[in-house]
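Undergrad: Before anything else, here's the structure in question.
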Amino acid sequence: MAEEQSFQEKTEKATPRRRQKAREEGKVAKSMELNSALIIVLGVTSIFLLGPTLSTQLRTMMTFTMANAPSIAGQDATFTKSFTDAMLNYFTVVGPIFAIMVVLGLTTNIAQVGFRISTKALEPKFDKLNIVNGLKRLVSLRSLVTLVRDTTKLLIVGVIGFYAIKAEFESFFLLPDMTVTQIAVTMGKMALVIALKIGAAMLVLAALDYAYQRYEFEKSIKMSKQDIKDEMKHTEGSPEVKSRVRQIQRDMARNRMMGDVPDADVVITNPTHLAVALKYDPEVSGAPMVLAKGERLIAQKIKEIAYAHDIPVIEDKPLARALFKVCEVGQAIPANMYRAVAEVLAYVYRLKGKAVN
């Protein structure tokens, strides 16, 4: 049976529970290419925008250091302070760039898979140390597809990078006639243009990769019909257990109902197939209440209890059928039955010598 289940084709979409379990295990659809592409594009743009400030700070720091180099010695107490101040100035400029990179990385990951910390993904899995399984993964169809995909991406990025650099060749011939500052600005712009072109290509590839990762993820968590049945059994219980629980609940409700029969004022019967026990208490309800009802064996049991407690049993086939069909245990009878039931109760009260309220 286990072998038969293992060979069942997984054709069904994953249930919410299966998705949640995969998520807890750290299995999600995520493209690392998307992270890299966004960091390259937005990171390079950030560096370019902060470049003037960065270069000014660095130039100021280097000018100060060079101008005061003769007076700064290793044993001078001011050297430590000068070095510390220089590093603080440097990291003050570079810090925002690193912060932007961190925010970009976190935002991209959260946008893809949401925010969740899973420790199961960090747990050691010793089955991955199995050499045979490792070789199977190495020569599998999935590894071949990954190799072809990565090679294709590398070629595409390489070709785009080549043409992006080739387009800037004319600018290289102008560099000898420029000042150092102009060279730095020109090189910075060239680097930005080249990086943006490569980054744009990587973004397109990353979007395709993310779609592929989604496809692979959905495929990996698919379930067979037997898997879904097993999950339903696990979460809701087997049909046999649920049936047994319902039976116990019915028995408990029936026992409570039978326990209320001695409080009834009258039992109306069919006479052999149906029985409905009624009670009228003006202080509790404005209409007679159904304490119990049943058919066949239960009807017989209700009548037996009624006889044992000297409760009148009245035969009225139409009224018994109507009460059994319309009324539920614990509910008051509907208004259209007031008259018929009142006549029965009046008769019962006369038998008992009880005044009718």
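Every number in this text was worked out from the coordinates using simple rules, so none of it is lab data. These figures come from a predicted structure and were not determined experimentally. We place every Cβ from the backbone using ideal geometry, glycine too, and count neighbours over all the protein chains shown.
Undergrad: Just order 331-342, 169-180 by mean Cβ neighbour count inside 10 Å, highest at the front, would you? Show your work: numbers first, answer last.
TA: Working: 331-342: 14.3, 169-180: 9.8.
Put in order of decreasing packing, that is 331-342, 169-180.
Undergrad: Further question on the same structure: For segment 144-202 and segment 276-339, compute the distance between their C-alpha centroids and round to whole Å.
TA: Segment 144-202 and segment 276-339 have Cα centres separated by 91 Å.
Undergrad: At a Förster radius of 45 Å, what calculated FRET efficiency corresponds to the Cβ-Cβ distance of L144 and M101, to the nearest 0.05?
TA: Details: r = 34 Å, r/R0 = 0.75.
Given R0 = 45 Å and the Cβ-Cβ separation, E is 0.85.
Undergrad: To continue, here is another question. For M178 paired with T15, estimate the spin-label separation in nm (one decimal), with each label point 7 Å from Cα along the Cα-to-Cβ line.
TA: About 6.5 nm, to one decimal.
Undergrad: Kindly put D85, D251 in sequence by how many other C-beta atoms sit within 10 Å of each C-beta, fewest to most. Don't jump to the answer; show the numbers that get you there.
TA: Numbers: D85 13, D251 10.
Ordered by Cβ neighbours within 10 Å, fewest first: D251, D85.
Undergrad: Please report V44, V326 as a ranked list, fewest other C-beta atoms within 10 angstrom at the top and most at the bottom.
TA: Values: V44 18, V326 13.
Lowest count first: V326, V44.
Undergrad: Taking only pairs that are 8 or more places apart or on different chains, how many Lys pairs in segment 160-289 have Cα atoms under 28 angstrom apart?
TA: 11
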